[in-house]
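Worksheet: one structure, shown below.
The values are calculated or read from the model by the stated rules, or taken from the named source; none is laboratory data. The structure displayed is predicted, hence computed values, not measured ones. All Cβ positions, even for glycine, are placed from backbone atoms using ideal geometry, and neighbour counts span all protein chains on display. What goes into the accessible areas is simple: the full protein's heavy atoms, side chains included, and nothing from ligands, DNA or RNA. Shrake-Rupley method; radii C 1.70, N 1.55, O 1.52, S 1.80 Å.
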Amino acid sequence: TMLRCINHLEKIESGSIEVLGKTIAWQQDGHARYIHEREIRETIQKIGMVFQGFNLFPHKSVLENVMEAQITVKRIPTDTARDTALEFLRKVGMSDKAGAYPSQLSGGQKQRAAIARALAMRPELMLFDEPTSAPDPELVGEVLLVIRKLAEEHMTMIVVTHEMAFAREISDRVVFMDEGAIIDQGAPDAIFVDPAHPRIRTF
């Protein structure tokens, strides 16, 4: 829900949202207020999101899936979109699957195609919704490798995960949430090694 609010897929009921230094939603007179829709669109174009269910178009090839938003949202010429799509498919190790359709892919391959699609929009911020939630160990290993590479390249990411060892290894800051509220936040060691909050110690 938090990721969907940041990416303007859900409206907030209270609180405020600041994305890339810009406040896009805030609380006023008991109601949520938003900046102008055009400004919101400009801001969220700088955000990439990888959904838990991949959300690939089943009737389009992997290459076409990665090209689609570039062409329809950013109005990028087809040839340029294709070159960019191939660049990011290489980045996630999916060049050999460019012509395949989602039904022909494993879970890990679908997730990597979805990551390539988001990266092809050249976002400043990436949102990952439970990228390691699937029981498929191949998916988990492949996806963690891609996210680890992005972290090494200093891509700003918000990753919702229950994968504690991974969160500890890769994060600059960990935010622990329980029933929709932030219980504590801080450096990984502060949360994982010596947490102050009893709820986190229990977890």
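Evaluated over the chain, the count of Lys pairs having alpha-carbon atoms less than 17 Å apart is 8 (only pairs 8 or more residues apart or interchain).
The Ser16 and Gln185 beta-carbon pair, evaluated with R₀ = 22 Å, returns a calculated FRET efficiency of approximately 0.85.
Shape of the stretch 12-64 from its Cα gyration tensor (a ≥ b ≥ c, root eigenvalues): rounded if a/c is under 1.5, otherwise prolate when a/b > b/c, or oblate? Note, shape of the stretch 12-64 comes out prolate. GNM on the chain, alpha-carbon springs under 10 angstrom: the most fluctuating residue among Glu163, Glu18, Glu138 is Glu18. When the chain is described by a simple charge dipole with +1 on each Lys and Arg Cβ and -1 on each Asp and Glu Cβ, the residue from Ser95, Ala25, Gln52 located farthest towards its positive end is Ser95.
In the context of the full protein assembly, Glu169 retains an accessible surface of approximately 110 Å², using a probe radius of 1.4 Å and ignoring ligands and nucleic acids.
Beyond 19 Å, the tail of the calculated P(r) for the stretch 102-185 holds 39 percent of the Cα pairs.
Neighbours of Arg38, meaning other residues whose beta-carbon lies under 15 angstrom from its beta-carbon, give a summed charge of 0 when Lys and Arg score +1 and Asp and Glu score -1.
Divided by 2.2 N^0.38 Å, where N counts the residues, the Cα radius of gyration of the stretch 10-118 comes to 1.30. Near Ile170, once Lys and Arg are set to +1 and Asp and Glu to -1 for all other residues with Cβ below 14 Å from its Cβ, the sum equals -2.
Using alpha carbons only, the radius of gyration of the chain set against its Kirkwood radius gives Rg/Rh = 0.99.
Full extension of the chain between Glu138 and Trp26 gives 36.2 nm of extra length, using 0.36 nm per residue less the Cα-Cα distance. Considering only alpha-carbon pairs that sit under 8 angstrom and 6 or more positions apart, the relative contact order computed for the stretch 66-187 is 20 percent.
For a Förster distance of 41 Å, can you work out the FRET efficiency between the beta-carbons of His36 and Glu130, rounded to the nearest 0.05?
It comes to 0.80.
Electrostatic tally near Thr161: other residues with Cβ closer than 12 Å to its Cβ, Lys and Arg +1, Asp and Glu -1, net -3. The simple Förster model, with R0 at 35 Å and r as the Cβ-Cβ distance, assigns Lys46 and Gln104 a FRET efficiency of 0.65.
For the chain, with all protein chains in place and a probe radius of 1.4 Å, 49% of the accessible heavy-atom surface sits on carbon or sulfur.
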